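Below is one structure, written out as structure tokens; the observations come after it.
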Amino acid sequence: KLTIIAEEDDEAVVRAEAVRVLFQLGATNLSQLLGRLIQYDDLEVRNASYDALARMGNPAGVKPLAKQLSNVHGNERLEVRKVLRRLTQNPKLRSRSDYEEWHSHWSGTQSRAIQGFKKGTFQANGQKLRYRMAGKGPTIIAVSGRRGGSFWATTLRHLAATHRVILYDAPGRAGTAGGRHAFTLNSELAIIQALQTHVKAPNATLLADEVGALLAAQYAIAHPESVGSLVLVTPTLAGSRAGRDVIAAQRLSKTIRRDLGALDEQFAWF
């Protein structure tokens, strides 16, 4: 398994490459793995892990990174601070305790936000996926882009006062396993359609950000009768440059030890 390779292979370059591939594959529980790897003794593995944490944008990575501030110096310390600023979006934080306090507040907010949501599962593309739902009224579905649905929990909790709000975890994100199928544009659109059918919402508002906005817009084009409106936050309608850059870099350096065509197929929509 790639997870075992990332932690136990004798060659640091192989372990670092395993980290990059795990990120590309959207591996489940990747944040926890990266939190361990940034404490390992090889700089190449740590740098690959820092990069993955930054690209994931998951605030859960703030806690292990804050701890790492006490263990590194020089350019590496600057790199850790750079990732922390990206995850917290707060340039005023400086010390380990500042970041730990920020993470504690964020964690508590996330925990409170998800309270009261009804849990459920639905089938899409032959796989079981998880969702949560709260409130009554017109339906709002938060599209799962690069992150799991809990990213939207705080926002949806407020909207649940007047709407039925739904968030879900697409494959490889949060509570849903990656599965064996490719992450194509059509498979991601099929997930939204399957969820709408499952919750009996023939017409819904789609809420999405960044690369998820691409999915929402494409879904509205493919199924105009099913979408009442779109709410797009910092949309990336031209596709994710970060995703393309990573694949391009791997092509140029010839570091991936597998068929790159398979990765392109999995992340064509991304």
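Summary of computed values
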{"read-out": "Gyration tensor over alpha-carbon atoms, the range 1-157, equivalent ellipsoid semi-axes in Å", "value": "31, 22, 11"}
{"read-out": "Dipole magnitude of the range 13-67 about its Cα centre (Cβ charges: Lys, Arg +1; Asp, Glu -1), debye to nearest 20", "value": "220"}
{"read-out": "Å³ per residue enclosed by the Cα convex hull of the range 22-86", "value": "73"}
{"read-out": "Label-point separation in nm, Ile221 to Ala12, each point 7 Å along Cα→Cβ", "value": "4.5"}
{"read-out": "Sulfur and carbon atoms: percent of accessible area, the range 1-136 [1.4 Å]", "value": "47"}
{"read-out": "Whole-number percent relative contact order across the range 1-160, with pairs defined as alpha carbons under 8 Å at least 6 apart", "value": "15"}
{"read-out": "Theoretical gain in end-to-end length, Thr154 to Glu44 [0.36 nm per residue, Cα-Cα removed]", "value": "36.0 nm"}
{"read-out": "Three-way shape label, the range 102-176, alpha-carbon gyration tensor, a/c 1.5", "value": "oblate"}
{"read-out": "The range 40-101: trypsin sites (Lys or Arg not before Pro) in DSSP coil with no more than 13 other Cβ atoms inside 10 Å", "value": "Lys92, Arg94"}
{"read-out": "Accessible area, probe 1.4 Å, largest first, for residues Thr154, Thr234, Thr176", "value": "Thr234, Thr154, Thr176"}
{"read-out": "Accessible-area value, Leu185, 1.4 Å probe, nucleic acids and ligands omitted, Å²", "value": "50"}
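The values are calculated or read from the model by the stated rules, or taken from the named source; none is laboratory data. What you see is a predicted model, and the numbers here were worked out from it, not measured in a lab. A quick note on method: Cβ atoms are made from the backbone with ideal geometry, for glycine too, and the neighbour counts reach across all protein chains shown. These accessible areas exclude ligands, DNA and RNA; they are computed on the full protein's heavy atoms, side chains included. Shrake-Rupley method; radii C 1.70, N 1.55, O 1.52, S 1.80 Å.
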